[in-house]
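Before any comments, here is the structure.
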Amino acid sequence: MFITFEGIEGTGKSTQIARVREYFEAQGREVVQTMEPGGSRIGVELRKMLLHVDNREITPTTELFLYLADRAQHVGQIIRPALEAGKVVLCDRFADSTIVYQGYGRGLDTSMLRELNGVAVNGLWPDLTIVLDIDPEIGLKRATLRNIEDGKAKEEGRFEAEHLSFHQRIREGYLTWAAFNRKRIRVIEAAGTPEEVFARVKAAIENLGNDAA
Ligand code: TYD
């Protein structure tokens, strides 16, 4: 089973992914937890280029191809082999991030992005995508604080430094994109305690089992 997690900064994705991991492990399933960008060795190098605050001159098209390169490597080297071995793969961001950030965010054509994503994922789409939804003002505050605490404000601060209106566009982008993909994408309210949010996430996962049966 392949589940991806999406949302703007500071929605509590990492916390939820950790819970989902525990949930599957408690059922005796083997879980591979991974992320984009940076889920493979080569991806780690690409991630550094993509997220460093000094790389502001990066053009939208360059940015796009770096994310796609990261994804192609990740799918080929990590995700597909894990799924073929019967493992559960939990991925922090995947192809929908490209549609939303490079498309709705940077203004690249979303149908072109769909096609290029198709090349990168090579037929491998998630069984379920969870979009954690939160007011960008709350999300950004959480994310900036976390980066400062982790001492990562420079290395990983490029997106957090974007204007609030960019993040608002991203949030709306997710909601629009989710509405086009109702079968695969579930939007989950991310305000509330981690327990409350996890109850919603778990329901979405268990529902998926019912749909498939
Ligand atoms: P990361 O620190 O992993 O963000 P978060 O903690 O919010 O998951 O940084 C990834 C950033 O890269 C994030 O701001 C979204 C962006 N991104 C894209 O623009 N396009 C993509 O295809 C992917 C995978 C990520």
Residues of region 136-189 classified as modelled with pLDDT of 95 or more, surrounded by 15 or more Cβ atoms within 10 Å (Cβ to Cβ) and of a type in the set (Gly, Ala, Ser), total:
2
Give all pairs with beta carbons closer than 6 Å in which a residue from region 111-137 that is closer than 16 Å to residue 17 by Cβ and without any contact (Cβ under 8 Å) to a residue 60 or more places away in the chain meets a residue that is of a type in the set (A, V, I, L, M, F, W, C) and exposed (fewer than 12 other Cβ atoms within 10 Å of the Cβ); count only pairs at least 6 apart in sequence or on separate chains.
none
For residue 71, all conditions in the list (1) in contact with a helix residue (DSSP H, G or I) (Cβ under 9 Å, 6 or more places away or on another chain); (2) of a type in the set (Lys, Arg); (3) modelled with pLDDT under 95 hold save one; what is the number of the exception?
(3)
Answer yes or no as to whether residue 33 is open to solvent by less than 10 Å² (accessible area, probe 1.4 Å) and out of contact with any His (no Cβ under 8 Å at 6 or more places or on another chain).
no
Output for region 109-140, where each listed residue is polar (S, T, N, Q), part of a helix (DSSP H, G or I) and more than 14 Å from the ligand (Cβ to nearest atom)
111
Looking at region 90-108 only, could you name the residues that are open to solvent by 10 Å² or more (accessible area, probe 1.4 Å), farther than 12 Å from residue 64 by Cβ and more than 7 Å from the ligand (Cβ to nearest atom)?
104
For region 6-49, give me the residue count where each residue is assigned to a helix (DSSP H, G or I), in contact with a helix residue (DSSP H, G or I) (Cβ under 6 Å, 6 or more places away or on another chain) and under 24 Å from residue 80 (Cα atoms).
5
If the Cβ limit is 7 Å and pairs must be 6+ apart or interchain, which residue in region 1-23 that is free of Cβ contacts under 8 Å to residues at least 40 places away in the same chain pairs with which residue that is more than 10 Å from the ligand (Cβ to nearest atom) and open to solvent by 40 Å² or more (accessible area, probe 1.4 Å)?
none
Could you tell me which numbered condition residue 62 fails, if it satisfies all but one of (1) touching a residue at least 24 places away in the same chain (Cβ under 8 Å); (2) out of contact with any Lys or Arg (no Cβ under 9 Å at 6 or more places or on another chain); (3) within 13 Å of the ligand (Cβ to nearest atom)?
(1)
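The values are calculated or read from the model by the stated rules, or taken from the named source; none is laboratory data. Only a predicted model underlies this, so the values are computations on that prediction, with no experimental measurement involved. Every residue, glycine as well, gets a Cβ built from its backbone with ideal geometry; the counts of neighbours run over all protein chains shown. For the accessible areas, the whole protein counts, side chains as well, though only heavy atoms, and no ligand, DNA or RNA atoms are used. Shrake-Rupley method; radii C 1.70, N 1.55, O 1.52, S 1.80 Å.
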